[in-house]
1. So if each residue of separation counts as 0.36 nm, and I subtract the Cα-Cα distance between Asn174 and Glu194, what length gain in nm does that give?
2. If each residue of separation counts as 0.36 nm, what is the full-extension length gain between Asp223 and Lys129 once their alpha-carbon separation is subtracted?
3. Once Rh is set to the Kirkwood radius over Cα pairs, what Stokes-Einstein translational diffusion coefficient, in µm²/s, holds for region 21-145 at a temperature of 20 °C and a viscosity of 1.002 mPa s?
4. Return the sequence-ordered ³J(HN,Hα) values of region 223-228 in whole Hz as given by the Karplus equation 6.51 cos²θ - 1.76 cosθ + 1.60 applied to θ = phi - 60°, using x for Gly and Pro.
5. So what J values fall out for region 96-106 if you push phi through Karplus, 6.51 cos²θ - 1.76 cosθ + 1.60 with θ = phi - 60°, rounded to Hz, Gly and Pro as x?
6. Find how much the distance from Glu160 to Gln216 grows on full extension, using 0.36 nm per residue of separation minus their present alpha carbon separation; answer in nm with one decimal.
7. Taking the simple approach of a point 7 Å from Cα along Cα-to-Cβ for both Asp79 and Asp44, what is their distance in nm?
8. Would you mind getting me the FRET efficiency between Asn64 and Gln31? Use the beta-carbon distance for r and R0 = 22 Å, nearest 0.05.
Amino acid sequence: MAVFGILCISNAYINANASTDVLIDAKNSAQESGKNIFVNYTADWCLPCQIFKEQVLSDSQVSNLLATDFVMITADYDDNGSSSMFEDFAIACMPTLHILDKEGEVINEMSGTLTASQFYDEISKYALKKIAIPYEPIIENRPISVAATMTNKAPSAPTEYYTLQAGAFSSWDNAVKQKALIDNKISQPIRIIEDKERKLFIINVGRYASIEEIEQVSRRLKDASIDHFVKRRKGIDVLLDKGI
């Protein structure tokens, strides 16, 4: 097992005989091609997942190696087609990354803090070619911390807009601290939204009609080393006012 940073994997039993359609198709493809299977456990609302996708999985060398040398599965917590894999493989935090062999057995598990080059070096050990081209860094991003714990699924709702999600906390006090930190960096409306289904307090910066309006604010957050991602929100926000 390759571990980077803090692990948040439960000790629950792992069902190596998981038989979801997605996994069955992947195993069939792996057996035909001789490739291993790469699984990314993720969710649209998971901030570390989106940052990991943007700064690591979207790296050209990483994405090329995954595309050519692995059978890929994106297990989305909110997608009925793959969500059962979270239970089958006892996934407790996101993003968790698995390398499976052609029989669907876990041969490598990654979760924690890693850069694109570290991730590339690790998956290269399981690539089809076995001898992978060394990673050539262009811009080395700072390590991405993986620590979003899963909860219940969110309901759909009618409204839609864009915002910058800058945190999701199970603790109200931690959400207030994050809001205060961002308040000191930028002069944009910052809201704490309660997601009652997942029991999370979500930090949203601004509310915009298009992604183009967000670019300047996003640059300022990046300069302040505040992790965030652009979020298209749907639903009626439950705004909290506890004296902030």
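Any read-out appearing in this document is the output of simple, stated calculations on the displayed coordinates, not a laboratory observation. Note that the coordinates shown come from a computational prediction; the quantities given were computed from them, not determined experimentally. Here the Cβ is made from the backbone with ideal geometry for all residues, glycine too, and neighbour counts use every protein chain on show.
1. On the way: separation 20, 0.36 × 20 = 7.20 nm, distance 1.31 nm.
Separation in residues times 0.36 nm, less the Cα-Cα distance, equals 5.9 nm.
2. On the way: separation 94, 0.36 × 94 = 33.84 nm, distance 3.90 nm.
Taking 0.36 nm per residue and subtracting the Cα distance, the gain is 29.9 nm.
3. Working: Rh = 14.7 Å.
The Stokes-Einstein estimate is 146 µm²/s.
4. 4, 8, 6, 9, 5, 6
5. With the stated coefficients, region 96-106 comes to 10, 10, 10, 10, 10, 7, 5, 8, x, 8, 6 Hz.
6. Numbers: separation 56, 0.36 × 56 = 20.16 nm, distance 2.09 nm.
My answer for the length gained is 18.1 nm.
7. Taking the simple label geometry, Asp79 and Asp44 are separated by 1.2 nm.
8. Here the calculated transfer efficiency is 0.40.
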